[in-house]
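Take a look at the structure set out below.
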Amino acid sequence: MAQDKSSESRRKARVRRTLRARAYGKPRLSVFRSSKQIYAQVIDDEKGVTVASASTLEKDNRAALKTGANVEAAKTIGKLLAERAVAAGVTEVVFDRGAYMYHGRVKALAEGAREGGLQF
């Protein structure tokens, strides 16, 4: 008996399938957001390791940001993640928006990462 997949998991699978075709060995910048926080990771899928990560839950970010649920926080996290990734030697990534639309906080995180030095 086949399992029914939710529309979110189908969307996520479709995005990942497209990314795999375009990646050419580049790491993946993956975004996860909840209603109150935003998280991002640069993942090297070939080695299976996380190269860099940032989130609004980190102690320094909690003190600096008013809330983790707005565009300003997402842009800050994008810049921070880009700084950490560049320090780890990664400059080109493939953006994995997951099941989220490229809009609002997800878009702000991507713009912040570009400002921080990542190319995608």
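The values are calculated or read from the model by the stated rules, or taken from the named source; none is laboratory data. This is a predicted model, so every value here is computed, not measured. All Cβ positions, even for glycine, are placed from backbone atoms using ideal geometry, and neighbour counts span all protein chains on display.
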- [ ] Look through A99, A13, A87, A21 and report the one residue that is among the hydrophobic types (A, V, I, L, M, F, W, C) and modelled with pLDDT of 90 or more.
- [x] A87
Task: Subset of region 87-119 (residues that are within 13 Å of I43 (Cα to Cα) and surrounded by fewer than 15 Cβ atoms within 10 Å (Cβ to Cβ)) - done: A88, G89, T91, E92
Task: helices (runs of 4 or more DSSP H) wholly inside region 49-120 that include at least 3 residues being within 22 Å of G25 (Cα to Cα) and in contact with a Gly (Cβ under 6 Å, 6 or more places away or on another chain) - done: 71-87
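Counting just the residues of region 87-109 that are over 20 Å from R17 (Cα atoms) and touching a residue at least 40 places away in the same chain (Cβ under 8 Å), which one comes out farthest from the chain's Cα centre (by Cα)?
A88
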TODO: Please state which of the following conditions S34 fails to meet, knowing it meets all the rest: (1) hydroxyl-bearing (S, T, Y); (2) over 22 Å from K75 (Cα atoms); (3) out of contact with any strand residue (DSSP E or B) (no Cβ under 9 Å at 6 or more places or on another chain).
DONE: (2)
- [ ] Return a yes/no flag: does region 32-45 have any residue that is of a type in the set (G, A, S), crowded, with 19+ Cβ neighbours inside 10 Å and either at pLDDT 90 or above or outside any strand (DSSP E or B) (or both).
- [x] yes
